[in-house]
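Below is one structure, written out as structure tokens; the observations come after it.
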Amino acid sequence: MATVEQIRQRYAELFDGQPRVFRSPGRINIIGEHTDYNNGFVLPAGVDKAVYFAIAPREDEQVVLHALDLNESYQCALNDWRKPEQGWAWFQLGVLDQLTKQQLPVRGFQVVFGGDIPAGAGMSSSAALECCLLYALNALFELGLDRLQIAKMAQKAENEYVGLNCGIMDQFASVFAQEGKVIRLDCQTLEYTYFPFRLSGYSLVLCDTTVKHSLATSEYNTRRAECERGVAILKKYYPTITSLRDVTTEQVAHHRLELGDVLYRRCKFITSELLRVLEACESLAEDNAQNLGALMYATHDGLQFDYEVSCPELDFLVGHTRGNPDIAGARMMGGGFGGCTINLVKTPVLEDFEKDIKQAYSERFGRDLPCYRVRIGNGTEEVLS
């Protein structure tokens, strides 16, 4: 994982001149999984792990990308959007594709990028890559984009070029994050409110299963399609609804037989999760870690049994925390099928917690369990020397 200093050093080795440096954070989501593409509420925050871009304009129309963490480079003409074999370049080219569609005056540039967001851990490194490059190009070429435009364009880059039909939560959180605060985002209206994250005596720890997932080739898009099928059925009875955001848990239960087992459980999870996000905000306002933790466990149960996006490693880690008075709550975080659990742990016992869960995971699965203590940090910005 690359540091800012290493990125600057590699840039000096590859290119002349002094670059500008930008950062965009990974994100966590306290609660509210898979609700963003259902036009619901989410509760994300930026963290103190990020991607960094050292970037400068070129005199020609070439785009030169160097991924420090992979020690790989890719070069193309400014308007060459054919997907290369290097999948890591898709996120950057998706950004350029969006800028071209918007007819914004981007010229050639060269960049070295890297960071310390664990790939595949559910911290949305892809969104951070997209947002960071867009923010940097906006500053470099004075494109006049505001933060909301950057978040929306980054989401479209992932939807239209990468091929992942994601909602806007990841990109929005990466751009709008503020230190020490979580964001309650209404994904239907894009209205948002900041809530201080100040649960007395508790810290956030991510436990990385090291099970890597690729959401573009997983069942992520399938889940979205299932939700849309559920809405189509319910719309026959409630014509004004446009998404599961507009549906109640009672309405879902009333039409359980027509929905069928699978669609019923998908819709049940989403409508229940939307209520949990709102209750979680009340818990934060009241400094009630125990209630927030109970909501986190309920979310994991729904993701495991109703939305079916968990995996044995995630279920084991969450199960291992249950009943421990030093842990208020835990759940899988992210799109699913791997990645991290997020754990709300009493600060004085962090070392004991990590030692215990690492040992249990090693005994059960025969491999190491990376743990990341995260603090809530700022969103996309320029790194000033």
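So the values come out like this:
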| quantity | calculated |
| --- | --- |
| Net +/- balance of residues flanking Val95 in space, Cβ distance below 10 Å, scoring K and R +1, D and E -1 | -2 |
| Percent RCO, i.e. relative contact order, over the chain, from Cα pairs under 8 Å lying at least 6 residues apart | 24 percent |
| Helix-only [θ]222 nm of the chain, DSSP H runs n ≥ 4, -39500 (n - 2.57) each, per residue, nearest 500 | -12500 deg cm²/dmol |
| Fraction of beta bridges assigned by DSSP in region 64-159 that are antiparallel (%, nearest 5) | 50 percent |
| Rounded to 5, the percent of DSSP beta bridges in region 1-64 classed as antiparallel | 100 percent |
| Highest to lowest packing among 170-180, 238-248, scored as the average C-beta count within 10 Å | 170-180, 238-248 |
| Burial order of peptide ranges 295-304, 22-31, 181-190 (average beta-carbon count within 10 Å, highest first) | 22-31, 295-304, 181-190 |
| Selection from Ser272, Asn288, Ile233, by position along the positive dipole direction of region 230-305 (Cβ) | Ile233 |
| Debye, to nearest 20: dipole size of region 43-120, +1 on Lys, Arg Cβ, -1 on Asp, Glu Cβ | 220 debye |
| Semi-axes of the equivalent ellipsoid for region 267-385, Cα gyration tensor, largest first, Å | 22, 21, 17 |
| Net charge over other residues, Cβ less than 12 angstrom from the Cβ of Leu129 (K, R count +1; D, E count -1) | -3 |
| Interatomic Cα distance distribution for the chain, bins of 10 angstrom, percent | 5, 24, 32, 24, 12, 3, 0 |
| Antiparallel bridges, percent of DSSP beta bridges restricted to the chain (to nearest 5) | 90 percent |
| Calculated from backbone phi, Karplus (6.51, -1.76, 1.60) coupling profile of region 183-197 in Hz, x at Gly/Pro | 10, 8, 10, 8, 6, 8, 9, 6, 6, 9, 9, 8, 10, x, 9 |
| Unit charges on C-beta of K, R, D, E only; dipole of the chain, Debye | 440 debye |
| Net charge of Cβ neighbours under 15 Å - reference Glu191; Lys, Arg +1; Asp, Glu -1 | +2 |
| Pairs from Lys83/Lys181; Lys236/Lys268; Lys235/Lys268; Lys212/Lys358; Lys49/Lys83; Lys152/Lys181 whose Cα-Cα separation, in the structure shown, is over 26 Å | Lys83/Lys181; Lys49/Lys83 |
| Test item: Cα-centred dipole of region 175-286, Lys/Arg +1 and Asp/Glu -1 on Cβ, debye | 280 debye |
| Built amide H within the under 5 Å cut-off of Ser243, gap 5+ | none |
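Taken together, the values in this text are just the output of simple stated rules run on the coordinates, not laboratory data. This one's a predicted model, so the numbers in the text were calculated from it and none came from an experiment. A quick note on method: Cβ atoms are made from the backbone with ideal geometry, for glycine too, and the neighbour counts reach across all protein chains shown.
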